[in-house]
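One structure below.
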Amino acid sequence: MEEKINEISKLKEEALSEVNAATNAKELDEVRVKYLGKKGELTSILRSMGSLAPEERPVIGGKVNEARDEIDSNIKLGEEKFAKEELARKLKEETIDITLPSTKVKRGSKHPLNRIIEEVEDLFVSMGYDVVTGPELETDEYCFERLNLPKGHPARDMQDSFYITSEYLLRTQTSAVQARTMMANEEKSPIRVICPGKTYRRDDDATHSHQFSQVEGLVIDKNISLADLKGTLEVFVRKMLGENLELRFRPSYFPFTEPSYEVDVSCFKCGGKGCNLCKQTGWIEVLGSGMVHPNVLKMNGYDPDKYTGFAFGTGLDRLAMFKYGITDIRLLYQNDVRFLNQFDRLDR
Amino acid sequence: MKLSKNFVKDYVDIDVDIKTLAEDMTRVGNEYDSASKLLNATKLVIGEVKECEMHPDSDHLHVCKVDIGSEVLNIVCGAPNVRKGLKVIVALDGAVLPEKTIKRGIIRGQESNGMLCSMLELGLEHKYADEVDKTGIHELPLDAPIGEDPIAYMGMDDEVVDFELTANRGDLLSILGMAYELGAIYDKNVKEIDLSHKENSENINNSFKVEVNTDNCSIFLARKVKNIKIGDSPAYIKNRLIASGIRPINNVVDISNYVMLETGQPLHFYDADTLKGKIEVRMAKQGEKLFTLDGKERTLSEEDIVISDGERAIGLAGVMGGLDTEITDKTKNVLIESAIFDGVKIRKTSKEILRSEASSRFEKGLDPNRTYMALERAAKLLEEYADGEVVEGVAKFDKSDLQNREIEISFKNINDVLGMVISKKDVLDVFRRLKFEVYIDGKKSEFKEQEKDLEKIEKITVSVPRRRGDISIKEDLIEEVGRIYGVDNIVGKLPEMPMKAGSFDKVTRGIRNKMVDLGLNETLSYILVNDKEAKYFTKDDTELVSLLDPMTEERNTLRHSILPSLLKIYEYNKARSNKDVAIFEIGKAFYKKQEEYGETNKIAALMTGDFYLGVDNKKQVDFYILKGIVEELLDYLGYGNRYSFVIKEDKLPDEVHPGQAALISVNNDIVGLLGRVHPVLEKEPVYVFEIDLDKLLDKKVGKMKYKEISKFPSVKKDLAVVVDKNITSEEIATIIKKAGGSSLSRIEVFDVYTGKGIEENKKSIAYSLTFEKMDRTLTDEEINESIEKIVEMLNKKHGATLRK
C-alpha cells in the first residue's frame, strides 16, 4: 500500500510539473489526457483497485481523487491563463489606426436666421406666448394706418417702402402683425404674442439689406407697465446674448408706442468697458420698444382706459450677426454652402 | 439738426463740454451723429508777413518772415496771394490740422517753421469758403491782433453737435427748442428773445392785403421793411449759419435763415416792389405754371399750395419761392412772410421738388406763437443789420390755435405705466423744468409744494405750451416724466398673467427638421427677383406682382416660385467651386389674381453634385434621389399611400426636362413638381422640387397611430418579369398589389435590366415581395399560389413573362 501511495504522489508531482511546463492550451489538454483521461495513468490506478485489499481501497481511492482534483484545478487555472493571453493577442491583432478619416454621415443645417427665430420662439413659448404670423405682402392699413401712422405722417420716412400699389406694399415691419392680432381677437382678451418674419425696406448698403428679419412682441392686459417690459426684455436679451448683460432704456419715438424707448444692452464683447463693437460707449442698441399707444389700442378695438400693453421689436439679422460673430450681413443671403454647413451644431 | 453751442448759449446758460451735452441729450431721447469743434485745428496764431521774397529755387514759392509776437518765423509759403503786410493764420510747428500735422523742416533748401493757412486747411467746408481761401491763404483784417488765437478772433471757436432727431420733435429744429430741452436737463431758465424794433407810421394794411383761400394755411403774417441795404452779415450771424450747415449769402437772406434757425419758423422774403399789393394763398390750378427761384419751370397740381399776387402764382408755399419776386442785390423793400402751411401737403410737394430746411419744419408741425415771434425777430434784425425801416402793423390771416393744451393726469397713472414709484413732488419738478404750467385744484402751482401738501392730491392739470406740438395726450406727459426724471431705476419684472401653454407652428418646424435630417442645407434668399426669372417654374393662371418703384431692375418683381432664388444660389456656389449643393427653402411666393394680391407658403429644394446617402454612401444626385426626398417628406407629413407622381406634359413648366419631371399629386390634387432643370437653363444635372405647402397641408391627416406588428414570420420571394420598355414600374406594381392580395405586405424593386439576354424594346424588372399574415404563418403553397396569380395577371394586363 505504501508503494501505491508513493506512486500516486509521484504521478501527481509529475503531472503538476508538466502542467507548469505547458506553453499552450493544447499541451494542457495532453496532460489531462495523459493523467486523467480514460486511459490516463491516475485513472489506471483506480482501475487496478480490484487487486487491493478491501480496507485499502478507500484509502487509495481517496488519494487518487485528491491528486485528480489538484491536477484538474491546476489545468483549469492554466487554461484560463492561456485563454486570457489568446484574447489579448487577438485584440492586439485587431487594433486599427483610429486617426484615419471618419466615415461621414452628413446631415443638413438650418439657416442661421431661422435658428435664431426658433430659439426666440422656444423662449417665448416657454413663457406662454403664442407665435403668430402675418402676410409679407401687406396693406397700408395694417402696416401703417392701424399703427397710428396715417398717410403723410413724417415718421413714414423712417421706413421707405416697396409699394405694389398705393394700398399694397411689402411690409416694412412685423408690427403689422400687432394690428392683425388685436383685430383678430374678437373677445378683446389679453394678448401675449411674438411675431417673427421677413420685412422689407428700400435700403441697401454694407449694414442694411433691403430684406431683413424682425421679431415683434406684444403683450396686452390690465396693469401692464414699463417694468413688465423691462423684465421681459431682460429675460430675452440675457437668454439670447448672455446672462450678465444689463439693459438701458433710452427715450425715443415710434408712432405706435408712447412712451417709446430704444433699448441698449451692455456690450457683450467688452463687458461695458468700451471697444470697437460698441464704438467705445459700452452699450449696443438692440431693440425698439414702448407702451402700446392708446390710439393703436383704440383703433384695434381695445379700450385704452382698461388695457395697457407693451410692444417691442428687434432685427434678427443683427442678432444673428452678434451671436455667431458674422461681420458682413451679405453672408446671410449669399447662402454659400461652406457658410451654411457651419450651422449644424448645437448651440449650448 | 446741427446745434451751435455758441448760438444756443444766447438763450440758455450752459457750461458743459460738448460730448457731455451730446450724451445728456441722448439720455433724454435725442441721439447725435457727431459732436466736435467747428474747426478742428490746434497751435494756431495770428501773424503778420514782415518780409516776402521769391524762393530762389522755385517759381511759385515765397520765403516769408512772419511776426507772431513772441518771435519772427521763417516760413515758406506757396499761396499766390501771400504778400508783405498781410495778417495771416500761422500753424506752428506741431499744429494738428484736420488733414495734416505741421512740422518744422527745410523746403528746397529754405528753413520753414510753420504754415500759413487758408480756412479750408482749418477744416472749413469748401462750400463756405470764399474765393480767396479757395485759391490761397486766408487774409485776416489788418487790425487783427498779432500773437492771438485766430479762431477765437474770427468768432469761430464754436462747437457743434449734429443731432439725429426723432420725427415727433419738430420743436427741436430751433435753437429756442433746444434751449428749452437743455434748460430741462440742466434745470436752467430760458432767456427771452429780443423782438424790439421801431415802426414808421405808414400802416401796411393801408396798402397791402392778405387773403387765404384754402384750409391748408392756418396762419399767414406779413410785415414790410423799407429801404434796406444789402450787404454782408455780421460775423456772428455768418459763423452761426455755417455752424448750422447753412451757407451765408447776404445780410437779408441770412436773416431769414438765422431767424428760422432761432425760432423754427421758416420765413420767406419777397422783393416788395415786385408785388401787387396783395397776397393770396390758395391751391394751385391743375397745370398751372411757375418759375421757381432755381430757374426751373414747374407744372403744378391741385395738391400744391401756392402763393399768388392775385393774378398768378409767385411761389410754392413752404417749398420754394418764385423767380420773379425773389430778393436781389437791387432789392430796396422787403415783405416778410411768416406762415404755417399744412405739413402733409408740403411733404408731398417737397418730395417732388426739393426737401429743404423749411419744408422739413412744416412737415413736422409749427407753433403759431413762433409765427408771430419770427416775424418780429426778422423785422428787428433787418432794422439792425440792413438799416431797414419797419412799416407799422402786420397784414394777417390767423385762424390758428395759439392756446396751450390742457391735459389732466393722475399721479397713480404715471407710476402705473412706468412701473416705478416717483413722488408727487418729483413729478411736479419735471414739469417745472420743462416750463409747463401745472394746475392743482384749478390753481396754478408755483412749484413750492412739499410732498405732504400733495398728500390728498390725486390729479393735476398740465398746461402744455404750443411749442410742444408732440404732446397731446396723458401718455405723452408720462413719457416726459420718464424722460426727464429718468427710468434707469425701474426694476424689471415679468407680467403677472395667468399661466398658459404657448403655441407655435409645429408643422413648418417639423418640415425644416426633416429636410435637415435628410441632409439638405436650409437657405434664405431674397424674394425680389427680376421680371424674367420671376416667371420661371410657373404655369398657372395668375399674374406676377411687381414693384411700383424698384431700386434696381434686378429686383423689380416678387417671386412666384422659390426656385429662381435657389437657382441663383446654385450659380453663386458653382462660381466658388462648391460642387455639391443640396439646399431647401421654406418661404413665400406671391401672385396676383383678378386684381387680388396673394401669397403662398412653399417649400422648394435644389440638389446637384454628390449627395451622401446615409453612411459613407456618396452618390451623384439623380431624379430618384430627389424623388426619395419628396417621398420621405410626404411620408413624414402623414401622406404615405396618398401621393403619386403624375406626368402631364402640358402642365409642366418649360424650365424642367420634359423626360425627367413629374407633377406631385396628393389625393389626386396637384401640389407641386419635381424634376431635372431643363438643360437649356442648366447644362449640369440639377434637380429641383417645389410644393405648395398651403395646398398640401390643407389636406387633413389623422393622428399618428401605432400599427400592429405580426408575431408570425414573413416570407420573401423574388420575382423578375420581362415587359415592354414603356410600361412603368408603377403600372406593374399596381397589378402586383392587386393580385397579391392582403398578405402581400411589401413590394420593392431591386433591379432594372436591359441588354444581353433581353429582347430589344423590353426590360426586366426584378421585385422582392414580402408576404405575411397577422394571425398565422403562411404556407409555401399559399405563397406559390399568390406568385402564380401575380404572374398570370401581369401577363394578361401587360404581356409580362417571367424572366428565365
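The values are calculated or read from the model by the stated rules, or taken from the named source; none is laboratory data. On a predicted model such as this, the values are computed, not experimentally measured, just so you know. Ideal geometry is used to build each Cβ from the backbone, glycine not excepted, and the neighbour counts take in all protein chains shown.
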Checked segment A:298-348 for anything acidic (D, E) and at the interface with chain B (Cβ under 9 Å from one of its Cβ atoms); matches are A:D336, A:D344
Being free of Cβ contacts under 8 Å to residues at least 12 places away in the same chain and touching a Phe, Trp or Tyr at 6+ places or on another chain (Cβ under 8 Å) is the requirement here; does A:P101 meet it?
no
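If we only count strands (runs of 3 or more DSSP E) wholly inside segment B:556-615, which ones have 3 or more residues that are in contact with a helix residue (DSSP H, G or I) (Cβ under 8 Å, 6 or more places away or on another chain)?
Details: elements: B:581-593, B:596-608, B:610-612.
The qualifying strands (runs of 3 or more DSSP E) are B:581-593, B:596-608.
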Is there a residue in segment A:113-126 that is more than 30 Å from B:P498 (Cβ to Cβ) and either within 16 Å of the chain's Cα centre (by Cα) or of a type in the set (V, I, T) (or both)?
-> yes
Reported set for segment B:636-680 where residues are in a loop (DSSP other than H, G, I, E, B), of a type in the set (S, T, N, Q) and at pLDDT 90 or above is B:N667, B:N668
- request: With the condition kept exactly as written, say whether any residue in segment B:161-180 is at pLDDT 95 or above, assigned to a helix (DSSP H, G or I) and small (G, A, S).
  value: yes
Picked from segment B:456-475 (must be within 14 Å of B:R169 (Cα to Cα) and of a type in the set (G, A, S)), the residue nearest to the chain's Cα centre (by Cα) is B:G469
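Any residue at all in segment A:297-310 that is of a type in the set (D, E) and under 31 Å from the mean Cα position of the chain (by Cα)? Spell out the reasoning first.
From segment A:297-310, those of a type in the set (D, E) are A:303, A:305; that's our starting set.
Filter once more, so that each one left must be under 31 Å from the mean Cα position of the chain (by Cα): none.
No, because not a single residue in segment A:297-310 is of a type in the set (D, E) and under 31 Å from the mean Cα position of the chain (by Cα).
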Given the condition surrounded by fewer than 22 Cβ atoms within 10 Å (Cβ to Cβ), in contact (Cβ under 8 Å) with a residue 24 or more places away in the chain and within 14 Å of another protein chain (Cβ to nearest Cβ), answer yes or no: does some residue in segment B:193-214 qualify? no
Out of (1) surrounded by fewer than 24 Cβ atoms within 10 Å (Cβ to Cβ); (2) over 17 Å from A:L147 (Cα atoms), the one A:Y253 does not meet is (2)
Looking across segment B:32-84 at residues that are surrounded by fewer than 16 Cβ atoms within 10 Å (Cβ to Cβ) and small (G, A, S), the single one that is farthest from B:G114 (Cα to Cα) is B:S34
Only unsatisfied item for B:E111, checking (1) in contact with a Leu (Cβ under 8 Å, 6 or more places away or on another chain); (2) without any contact (Cβ under 8 Å) to a residue 40 or more places away in the chain, is (1)
Filtering segment B:763-795 down to residues that are closer than 20 Å to B:E748 by Cα and among the basic types (K, R) yields B:K763, B:K773, B:K789
Taking segment B:446-505 and keeping only residues that are closer than 28 Å to B:L165 by Cβ, out of contact with any Asp or Glu (no Cβ under 6 Å at 6 or more places or on another chain) and away from every other protein chain (no Cβ under 14 Å), one is left with B:V462, B:V464, B:P465
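Within segment A:125-141, take every residue that is part of a helix (DSSP H, G or I) and in contact with a Ser or Thr (Cβ under 9 Å, 6 or more places away or on another chain) and give me the one that is farthest from the other protein chains (Cβ to nearest Cβ). Walk me through how you get there before you give the answer.
Narrowing segment A:125-141 to residues part of a helix (DSSP H, G or I): A:125, A:140-141.
Retained after the next criterion (residues that are in contact with a Ser or Thr (Cβ under 9 Å, 6 or more places away or on another chain)): A:125, A:140.
Working: A:V125: 3, A:D140: 12 Å.
So the residue we want is A:D140.
Looking at this structure, is B:D650 in the same structural domain as B:A604 (by TED's automatic domain parsing) and acidic (D, E)?
Values: in the same structural domain as B:A604 (by TED's automatic domain parsing): yes; acidic (D, E): yes.
The answer is yes for B:D650.
Select from segment B:517-528 the residues that are over 13 Å from B:S561 (Cβ atoms) and among the polar types (S, T, N, Q) and write down the one among them that is surrounded by the fewest Cβ atoms within 10 Å (Cβ to Cβ).
Let us first name the residues in segment B:517-528 that are over 13 Å from B:S561 (Cβ atoms), namely B:517-524, B:526, B:528.
Adding the requirement that they be among the polar types (S, T, N, Q) leaves B:521, B:523.
Working: B:N521: 26, B:T523: 28.
Taking the candidates together, the pick is B:N521.
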Residues in segment B:585-619 that are more than 8 Å from chain A (Cβ to nearest Cβ), among the hydrophobic types (A, V, I, L, M, F, W, C) and within 30 Å of A:P196 (Cβ to Cβ) total 7
Among helices (runs of 4 or more DSSP H) entirely inside segment B:686-804, those with 1 or more residues being assigned by TED's automatic domain parsing to the domain that holds B:G609 are B:693-697
Scanning segment B:364-415 residue by residue, those assigned to a strand (DSSP E or B), in contact with a helix residue (DSSP H, G or I) (Cβ under 6 Å, 6 or more places away or on another chain) and within 28 Å of B:N250 (Cβ to Cβ) turn out to be B:V390, B:A395
Residues of segment A:191-209 being facing another protein chain (nearest Cβ under 9 Å), in contact (Cβ under 8 Å) with a residue 60 or more places away in the chain and in a loop (DSSP other than H, G, I, E, B), in sequence order, are A:S209
Apart from one, (1) within 12 Å of chain B (Cβ to nearest Cβ); (2) in contact with a Pro (Cβ under 9 Å, 6 or more places away or on another chain) all hold for A:A176; the odd one out is (1)
Original post:
Is it the case that segment B:529-539 has a residue that's at pLDDT 95 or above, surrounded by 19 or more Cβ atoms within 10 Å (Cβ to Cβ) and of a type in the set (V, I, T)?
Top reply: no
Any hit, segment B:423-444, residues being polar (S, T, N, Q) and away from every other protein chain (no Cβ under 11 Å): yes
Residue hits (segment B:207-229; over 38 Å from the mean Cα position of the chain (by Cα) and under 25 Å from B:A317 (Cβ atoms)) are B:S207, B:F208, B:K209, B:V210, B:E211, B:A222, B:R223, B:K224, B:V225, B:K226, B:I228
_Regarding segment A:146-161, can at least one residue be identified that is assigned to a helix (DSSP H, G or I) and closer than 30 Å to A:V125 by Cα?_
yes
Of A:I284, A:I329, the only residue that is in contact (Cβ under 8 Å) with a residue 60 or more places away in the chain and of a type in the set (V, I, T) is A:I329
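Does A:G290 fit the bill of being in contact (Cβ under 8 Å) with a residue 24 or more places away in the chain, farther than 18 Å from B:G419 by Cα and among the small types (G, A, S)? Working first, answer last.
On the way: in contact (Cβ under 8 Å) with a residue 24 or more places away in the chain: yes; farther than 18 Å from B:G419 by Cα: no; among the small types (G, A, S): yes.
Against the criterion (in contact (Cβ under 8 Å) with a residue 24 or more places away in the chain, farther than 18 Å from B:G419 by Cα and among the small types (G, A, S)), A:G290 does not qualify.
Going by what's in this entry, would B:V630 be described as modelled with pLDDT of 95 or more and more than 14 Å from chain A (Cβ to nearest Cβ)? Show your work before the answer.
Details: modelled with pLDDT of 95 or more: yes; more than 14 Å from chain A (Cβ to nearest Cβ): yes.
For B:V630, the condition - modelled with pLDDT of 95 or more and more than 14 Å from chain A (Cβ to nearest Cβ) - is met.
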